[in-house]
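The values are calculated or read from the model by the stated rules, or taken from the named source; none is laboratory data. In this text the structure is predicted, and so the values were computed from the model without any measurement. Here the Cβ positions follow ideal geometry from the backbone for every residue, glycine too, while neighbour counts run over all protein chains shown. Ligands, DNA and RNA are stripped out before the accessible areas are found, and what is left, the full protein with its side chains, is counted by its heavy atoms. Shrake-Rupley method; radii C 1.70, N 1.55, O 1.52, S 1.80 Å.
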Amino acid sequence: GVLVLLFVHLVLAVEGLLWRAARMSSDVLVWLLGATSAWILAGVLDQPGNGAGWLFSGPGQEYLWLGLPILLGALVHDIGDALTVSGCPILWPLPVKGKRWYPVGPPKAMRFRAGSWVELKVLMPVFMLLGGIGGASALGFI
């Protein structure tokens, strides 16, 4: 189950981060990269101190922590969507003020278009660097 969960989310990560290259290549290559990454990551995380037993230490709870990065990824994704011109309907499908699509986010002057230079040249490198530092720190490399 852990490998399947890692595979699905790593394929989604490859599709999201390398979407231009993924569109020009075959889906099989994206799946192979996801499968290889899941296999390597599962092997790294299975070592003592690298994830298994990190937060949930009871018997049978070794991989319960996998839900935390998924939750964090969904939260960061929603925040990123909220920063765009369209906003993010966090409470959808619940109606807010009679509308089902009620965008939550900063004032319109602070928002940007998805795929603009702000996202590609500023935000993407910053978040990739922070993610790399966070991953290296979680695995004890920093």
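Matching residues to (1) out of contact with any helix residue (DSSP H, G or I) (no Cβ under 7 Å at 6 or more places or on another chain); (2) open to solvent by 100 Å² or more (accessible area, probe 1.4 Å); (3) at pLDDT 75 or above; (4) outside the structural domain of M124 (by the TED database):
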| residue | (1), (2), (3), (4) |
| --- | --- |
| W65 | yes, no, no, yes |
| L68 | yes, no, no, yes |
| L72 | yes, yes, yes, yes |
| L75 | yes, no, yes, yes |
| G80 | yes, no, yes, yes |
| V85 | yes, no, yes, yes |
| C88 | no, no, yes, yes |
| R100 | yes, yes, no, yes |
| G105 | no, no, yes, yes |
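Residues in the stretch 108-135 that are over 21 Å from L75 (Cβ atoms) and without any contact (Cβ under 8 Å) to a residue 12 or more places away in the chain: how many?
Selection size over the stretch 108-135: 6.
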Flag if V118 is part of a helix (DSSP H, G or I) and over 29 Å from L5 (Cα atoms)
yes
Tell me, please, whether a residue that is open to solvent by less than 40 Å² (accessible area, probe 1.4 Å) and at pLDDT 75 or above can be found in the stretch 16-35.
yes
